[in-house]
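Working notes, beginning with the structure itself.
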Amino acid sequence: MDALIIKPFDLLNTEFCVEVDDGQKIFELIIDGFKADKLVTVDFEKVDLITSSFLNSAFGQLYKDNSEDFVRAHLKVANLSDLDIKLLKKVVDTAKLYYSDPERMQKSIDEILGD
């Protein structure tokens, strides 16, 4: 399997991975790599700040159309701090739960918010 390395610092020209739109750019590159049957590595070298909204946009959506096994086999991350690894795990766990039954999850969210 060929490799694709995505470096958010170089692509986004910033050490801050905080914007949803920037996460979407990374997501689209990951998906392109998946479609080309590449092992995708997202390397966070030189990145100082990462938010859950960025991670959700970049990684959470991957579980909508891909199995956990597929993502594990085709995606790696590098140069994340321990804190950011925990945040990514939380985002991924939430995404897997959400995409396992989106209608039920949305109903629960609506009930909590009183909609």
Is there any pair with a first residue in region 13-25 that is acidic (Asp, Glu) and a second that is open to solvent by 90 Å² or more (accessible area, probe 1.4 Å) whose Cβ atoms are under 7 Å apart and which are 6 or more apart or on different chains, and what are they? Glu15/Lys46; Glu15/Asp48
With respect to Lys38, determine if the residue is at pLDDT 95 or above, surrounded by 12 or more Cβ atoms within 10 Å (Cβ to Cβ), under 21 Å from Pro8 (Cα atoms) and not hydrophobic (A, V, I, L, M, F, W, C). yes
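Within region 49-57, does at least one residue satisfy the condition of being at positive phi, in contact with a strand residue (DSSP E or B) (Cβ under 6 Å, 6 or more places away or on another chain) and at pLDDT 95 or above?
First, the residues of region 49-57 that are at positive phi: none.
Checking region 49-57: not a single residue is at positive phi, in contact with a strand residue (DSSP E or B) (Cβ under 6 Å, 6 or more places away or on another chain) and at pLDDT 95 or above.
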Across region 62-84, what is the number of residues that are assigned to a helix (DSSP H, G or I), touching a residue at least 24 places away in the same chain (Cβ under 8 Å) and open to solvent by 80 Å² or more (accessible area, probe 1.4 Å)? 1
Does region 1-9 contain at least one residue that is open to solvent by less than 70 Å² (accessible area, probe 1.4 Å) and of a type in the set (Gly, Ala, Ser)? no
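Only one of Leu49, Leu113, Leu97, Leu87 is more than 23 Å from Gly33 (Cα to Cα), within 11 Å of the chain's Cα centre (by Cα) and open to solvent by 30 Å² or more (accessible area, probe 1.4 Å); which?
Details: Leu49 fails: within 11 Å of the chain's Cα centre (by Cα); Leu113 fails: within 11 Å of the chain's Cα centre (by Cα); Leu97 fails: within 11 Å of the chain's Cα centre (by Cα).
None of the others qualify; the one that does is Leu87.
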From the list Ser52, Ser67, which residue is hydroxyl-bearing (Ser, Thr, Tyr) and closer than 25 Å to Glu15 by Cα? Ser52
Return a yes/no flag: does region 69-76 have any residue that is among the β-branched types (Val, Ile, Thr) and touching a Phe, Trp or Tyr at 6+ places or on another chain (Cβ under 9 Å). yes
Please specify each residue of region 77-115 satisfying the condition of being over 25 Å from Ile26 (Cα atoms) and among the basic types (Lys, Arg). Arg104, Lys107
For region 1-58, give me every one of the helices (runs of 4 or more DSSP H) that falls completely inside it and has 1 or more residues that are under 16 Å from Ser81 (Cβ atoms). 8-12, 52-55
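The values are calculated or read from the model by the stated rules, or taken from the named source; none is laboratory data. Owing to the predicted nature of the structure, the values given are computational and were not obtained by experimental measurement. Because the Cβ atoms are built from the backbone with ideal geometry, glycine has one as well, and the counts that use them run over all protein chains shown. Note: areas computed on protein heavy atoms with side chains; ligands, DNA, RNA excluded. Shrake-Rupley method; radii C 1.70, N 1.55, O 1.52, S 1.80 Å.
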